[in-house]
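Each remark here refers to the structure printed beneath this line.
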Amino acid sequence: MVEEETDSSDGSRKGSFQYVSDVLKKFAFYQQAARNADVHVLRTSRGERIPIVWVRNKEVNSAPSMAPGSGRKSRLVILHCHGNATDIGVMMGPYFEMCKQLGCEVVGVEYSGYGASTGLPSSSNTLADVEAAYNFVVSQGVPAERIVVYGQSVGSGPALGLASRKLVGGLVLHSPLLSGIKVIDPQPNKCCKPSCVYSCFDFFHNDRAMKSVTCPAFVIHGCADEIIPLYHGVRLAQAAPGHCRWPGYFPPEAGHNDIVETNATEYFMQLAAFMRNVRERADGVSTEPPCCGIGKPAQIEMGDMSLNQDREEMRYIEPVVGPEDGRYEQLRRGYGGGAAKASGSARELQSVPPIAGAQEPAPWLGSSPQEMRYIEPVVGPEDGRYEQLRRGYGGGAAKASGSARELQSVPPIAGAQE
């Protein structure tokens with residue numbers, strides 16, 4: 001809940017943040033996140049009023065280990081566009097964890113019709129919401145090249161829409177979609193697919209917008225995603241201009257809502273490496289994405305990157321990003337015969353320990369020789385899994401058995417360390 005307090009000189013209104021959920025009130029981590037957040041209420045170009053939260057790690061003077069830069073002025077700001085079935089209140093935990101692990105600041109955008117915002121949810125309203133937040137961040141003195149736009153699930157639509165039209169330092173797409181209607185294409189390579197027949201009703205044309213991006217673009221997508229199939233993320237990574245293409249991160253066992261929980265250490269390492277590249281570009285250092293010239297996104301395996309420091313366990317709620325109509329709950333219940341995943345329940349997450357000397361280039365990005373192997377993910381539902389899943393919605397055939405797909409490794413690429 002957002003309570004407005006005072007007017008600001010920039011035309012926004014400042015407010016305070018309070019949780020109305022009894023569940024969130026019980027989590028000390030969420031209370032700590034609220035103490036480290038400033039709330040601003042903005043007016044969008046479409047006349048709606050939306051709150052944004054600006055989360056900073058105020059309680060720690062120095063940036064934690066994975067910080068891409070040192071000092072307040074050099075820090076990056078993540079402009080975060082959340083998924084469908086959540087809001088900025090539930091996202092406060094993940095926002096604050098990003099601040100701690102990456103040493104950055106996070107601005108969470110609320111969409112029209114969500115939470116305390118006015119108006120109704122729509123693609124046009126959402127694009128206006130994110131643009132209003134971007135303009136506000138720039139008005140506060142943050143250089144555009146130090147803004148990293150982060151879009152998760154349906155949030156990839158407004159994130160890509162902004163990155164294709166405005167100057168930003170980087171783009172992160174977490175479980176993204178090619179377009180709104182392409183999510184339901186049972187056979188994406190056929191000519192009479194739904195996204196073709198109903199193209200005039202489509203929204204969030206991410207596959208088109210990606211071609212206009214001018215900043216480094218990093219795609220994260222779980223290979224076991226049953227809500228937005230893997231090929232959406234892979235094809236988006238391929239659509240990025242060559243000089244903007246960063247190696248994609250495609251964890252084999254991760255689904256739509258559990259990429260961080262599946263391997264929190266690897267997730268933050270991959271994200272920290274990308275953020276460091278953005279910072280170097282903003283500082284005027286000439287850098288190129290490591291996969292520049294490679295036709296397909298790659299998952300990088302780099303030996304043992306374990307961190308020899310104690311880990312402390314923490315708990316916060318990871319929001320469910322997919323639809324709440326029960327379809328995916330039933331699918332999960334039938335997946336492997338196990339119990340359904342608890343919707344919106346608190347899940348255990350091990351925090352990623354600080355890396356010593358984060359201000360210097362990370363050890364996994366150094367000049368010492370390391371073996372780098374690229375794994376090409378399966379592109380598209382060629383095993384019939386998604387088609388059979390959709391047929392089973394009406395109580396028909398059971399779920400296809402080929403749930404786990406083997407990823408074939410490719411021999412090391414010459415000059416991969418360049």
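The set of residues in the range 168-186 that are closer than 21 Å to residue 124 by Cα, open to solvent by 10 Å² or more (accessible area, probe 1.4 Å) and not aliphatic (A, V, I, L, M) comprises 180, 182.
Does any residue of the range 216-224 turn out to be at pLDDT 95 or above, open to solvent by 10 Å² or more (accessible area, probe 1.4 Å) and in contact with a Phe, Trp or Tyr (Cβ under 6 Å, 6 or more places away or on another chain)? Within the range 216-224, one or more residues are at pLDDT 95 or above, open to solvent by 10 Å² or more (accessible area, probe 1.4 Å) and in contact with a Phe, Trp or Tyr (Cβ under 6 Å, 6 or more places away or on another chain). When the range 248-265 is filtered for residues that are buried (at least 22 other Cβ atoms within 10 Å of the Cβ), out of contact with any Phe, Trp or Tyr (no Cβ under 7 Å at 6 or more places or on another chain) and either farther than 15 Å from residue 174 by Cβ or among the aliphatic types (A, V, I, L, M) (or both), only 254 remains. In summary, residue 7 fulfils each of the numbered conditions (1) charged (D, E, K, R); (2) closer than 23 Å to residue 146 by Cα; (3) at pLDDT below 90 with the single exception of condition (2). Against the numbered list (1) open to solvent by less than 30 Å² (accessible area, probe 1.4 Å); (2) in contact with a helix residue (DSSP H, G or I) (Cβ under 6 Å, 6 or more places away or on another chain), residue 244 comes up short only at (2).
Take the conditions crowded, with 19+ Cβ neighbours inside 10 Å, in contact with a Pro (Cβ under 9 Å, 6 or more places away or on another chain) and assigned to a loop (DSSP other than H, G, I, E, B) and apply them to residue 160. Does it pass?
Values: crowded, with 19+ Cβ neighbours inside 10 Å: yes; in contact with a Pro (Cβ under 9 Å, 6 or more places away or on another chain): yes; assigned to a loop (DSSP other than H, G, I, E, B): no.
So residue 160 fails the test.
Looking only at the range 100-120, filter to residues that are out of contact with any helix residue (DSSP H, G or I) (no Cβ under 7 Å at 6 or more places or on another chain) and under 10 Å from residue 57 (Cα atoms); which one of those is least open to solvent (accessible area, probe 1.4 Å)? Going through the qualifying residues, I end up with 103. For the range 30-40, a residue qualifies if it is in contact (Cβ under 8 Å) with a residue 60 or more places away in the chain and closer than 26 Å to residue 130 by Cβ, and the qualifying residues are 30, 33, 36, 40.
Is it the case that the range 187-205 has a residue that's in a helix (DSSP H, G or I), open to solvent by 10 Å² or more (accessible area, probe 1.4 Å) and among the charged types (D, E, K, R)? Taking every residue of the range 187-205 in turn, none turns out to be in a helix (DSSP H, G or I), open to solvent by 10 Å² or more (accessible area, probe 1.4 Å) and among the charged types (D, E, K, R). The number of residues in the range 126-152 being over 17 Å from residue 164 (Cα atoms) and open to solvent by less than 40 Å² (accessible area, probe 1.4 Å) comes to 3. Of all residues in the range 19-48, exactly one satisfies the criterion of being in contact with a Phe, Trp or Tyr (Cβ under 8 Å, 6 or more places away or on another chain), of a type in the set (Ser, Thr, Tyr) and crowded, with 19+ Cβ neighbours inside 10 Å, namely 30. Screening residue 165 on (1) under 13 Å from residue 205 (Cα atoms); (2) open to solvent by 10 Å² or more (accessible area, probe 1.4 Å) shows it passes everything except condition (1).
The values are calculated or read from the model by the stated rules, or taken from the named source; none is laboratory data. Not measured: the values here are computed from a predicted model. A quick note on method: Cβ atoms are made from the backbone with ideal geometry, for glycine too, and the neighbour counts reach across all protein chains shown. When the accessible area is computed, the model is the full protein with side chains, heavy atoms only, and any ligands, DNA or RNA have been set aside. Shrake-Rupley method; radii C 1.70, N 1.55, O 1.52, S 1.80 Å.
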